[in-house]
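Everything on this sheet refers to the single structure shown next.
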Amino acid sequence: MTRAVIMPAKKSKKPVQSSAKSGEVSSHLDERRKRIDQIDQQLLKLLNQRQEVAREIGQIKGRQNIRVVDTRRETEVFRKLLDLNKGRLLSRKSLYDIFAAIISASREIQAPPTQESSGHDAPALFAVLGNPVSHSLSPIMHNNAFSAVGFNGLYIPLEVDDIQLAISGLRLLNFKGASITIPHKTSVIDLLDELDDAAARIRAVNTVVNSDGRLIGHNTDWSGAMRALSDKIKINSKEVAIVGAGGAARAIGFGVKAEGGRIIILNRSKLKGEQLSSELDAGFLPLSEAKKLDCDILINTTPIGMTPHADDMCLPITALDKNMVVMDIIYTPLKTRLLREAEKIGCTCIDGLSMFVYQGAEQFTLWTGRKAPVDIMRLTVSTAL
Ligand code: NAP
């Protein structure tokens, strides 16, 4: 008797409870899914309205013979949206990705793809060769720049240990160009057919252009750095202190010298520092002795202060003076400790993003023959950072 009463009660209790719970869960889910569907419908309606307006803008511009794709205006739109976005759940990156897709759809309606970028032809291929490259921002920067100007190109990261094999691969697959990064900037030289003047003098290549099967090496690090500096100061006849004596210091030193600046190299290793300073006809000071500096421009080219060591600084604070222009070529973090301290005392500061974007812009022009959409490139990288 007892068994007969207890058993059915136990058996039936659990399934009833769990099915009630799962029923409740599924009704909560259904309710939210319905809301998502409604929101999607509203978004679809709004997106179609936006496309309609974009089409009208394209028609007006077409009638007036005004260039349809306006990357400056697109950058402004992104900037405004990033400022306006107060939603805690929509990250800068997601917002950027979503609106990049929306803007790209608008472009399609405003300026239907030309034959060059119809999407049916194989894209021109580009790559960054280095190790490591998984965190490189060059692919996102160049791919966005290609799409901004309607160039049918594709840029991919390739982790490369054997640069000789990689360069043979580029030739075989008819890549149109490549970025070369650590550790191959010097070793790639002997594998190329020609070097431009600057790359030959700096003895480092960060850009390869495939010109009808001939691979030509260029260096845009120096010109990128000079453009970043020139935004803030005229270099001619200025005293420039460069911290570091590696590849970046060599490229920047070459540029500063070409622009008529006077250089002093500050480096940890005396031998390397003295070697570079004699090549550049510059002064030299061991980094450990730099307590106070007498210069107009100070440039850090060492990795000191890079994430995860963001509190490190290549020089003591006493070396800074409020009249200096201080540039750090590190861009992770964007504001290094050196720049934070320099900003505090009133120096003019230049972050590593400027050089990175400008060196990329010069590469873009070498590869495509077109003016680079610098604003889009800068926004892409700063958003990704
Ligand atoms: P590199 O050839 O290896 O040279 C590094 C230099 O930094 C050397 O002079 C080295 O001094 C010095 N150094 C390294 N660690 C140091 C430490 N703990 N204390 C003191 N000195 C130190 O490298 P690179 O190609 O010149 O690149 C340097 C940095 O610039 C990297 O962080 C790279 O990411 C960055 N970079 C940025 C851009 C851009 O577009 N923003 C472009 C190129 C490079 P010793 O001679 O004593 O070893």
Compute the relative contact order of segment 239-356 as a whole-number percentage, counting only Cα pairs closer than 8 Å that sit 6 or more residues apart in sequence.
22
Assuming 1.002 mPa s and 20 °C, estimate D for the chain with Stokes-Einstein, Rh taken as the Kirkwood radius over Cα pairs, in µm²/s.
88
Which trypsin sites (Lys or Arg not before Pro) does segment 298-385 hold that lie in a coil by DSSP with at most 13 other beta carbons within 10 Å?
322, 370, 371
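What's the FRET efficiency of residue 323 with residue 93 using the Cβ-Cβ distance as r and R₀ = 45 Å, to the nearest 0.05?
Working: r = 38 Å, r/R0 = 0.84.
Computed FRET efficiency for residue 323 and residue 93: 0.75.
Once you keep just the Cα pairs under 8 angstrom separated by 6 or more residues, what percentage relative contact order results for segment 137-228?
On the way: 100 pairs, mean separation 19.5, N = 92.
Contact order relative to length: 21 percent.
What does the helix-only formula give at 222 nm for the chain: each DSSP H stretch with n ≥ 4 adding -39500 (n - 2.57), the total divided by the residues, and the result rounded to the nearest 500 deg cm²/dmol? Write down the numbers at each step before the final one.
Values: 12 runs with 193 residues, N = 385.
Value at 222 nm, helices only, nearest 500: -16500 deg cm²/dmol.
For residue 79 and residue 121, what does the FRET efficiency come to when R0 = 45 Å and r is the distance between their Cβ atoms, rounded to the nearest 0.05?
My answer for the efficiency is 0.85.
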Using bins 10 angstrom wide from zero, how does P(r) for segment 27-90 break down, in % of all Cα pairs?
17, 29, 32, 16, 6, 1
Considering the zone a paramagnetic label at residue 236 would reach in this model (a point 7 Å from Cα along the Cα-to-Cβ line), which residues of segment 291-307 have amide N under 19 Å from it?
296-297
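Net charge near residue 343: determine it from the other residues with C-beta under 15 Å of the C-beta of residue 343, scoring Lys and Arg +1 and Asp and Glu -1.
Details: positive: 232, 322, 335, 337, 340, 344; negative: 321, 328, 341, 351.
Charge balance in the 15 Å sphere: +2.
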At a Förster distance of 22 Å, what's the computed FRET efficiency of residue 200 paired with residue 131, Cβ-Cβ distance as r, to 0.05?
0.35
What is the distance, in nm, between label points placed 7 Å from the Cα along the Cα-to-Cβ direction at residue 49 and at residue 104?
2.5
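Give the dimensionless ratio obtained when the Cα radius of gyration of segment 328-378 is divided by 2.2 N^0.38 Å.
Output field value: 1.39.
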Cross-link pairs 185/234; 257/335; 176/371; 257/292; 270/292 - those with Cα-Cα distance over 25 Å
185/234; 257/335
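In percent, how large is the relative contact order of the chain, given Cα pairs closer than 8 Å and 6 or more residues apart? Walk me through the numbers before you get to the answer.
Details: 599 pairs, mean separation 48.9, N = 385.
Worked out over the chain, it gives 13 percent.
Each value in this text was obtained by applying a stated rule to the coordinates, not by laboratory testing. Bear in mind that the values here come from a model prediction, so they are computed numbers and not experimental data. Here the Cβ is made from the backbone with ideal geometry for all residues, glycine too, and neighbour counts use every protein chain on show.
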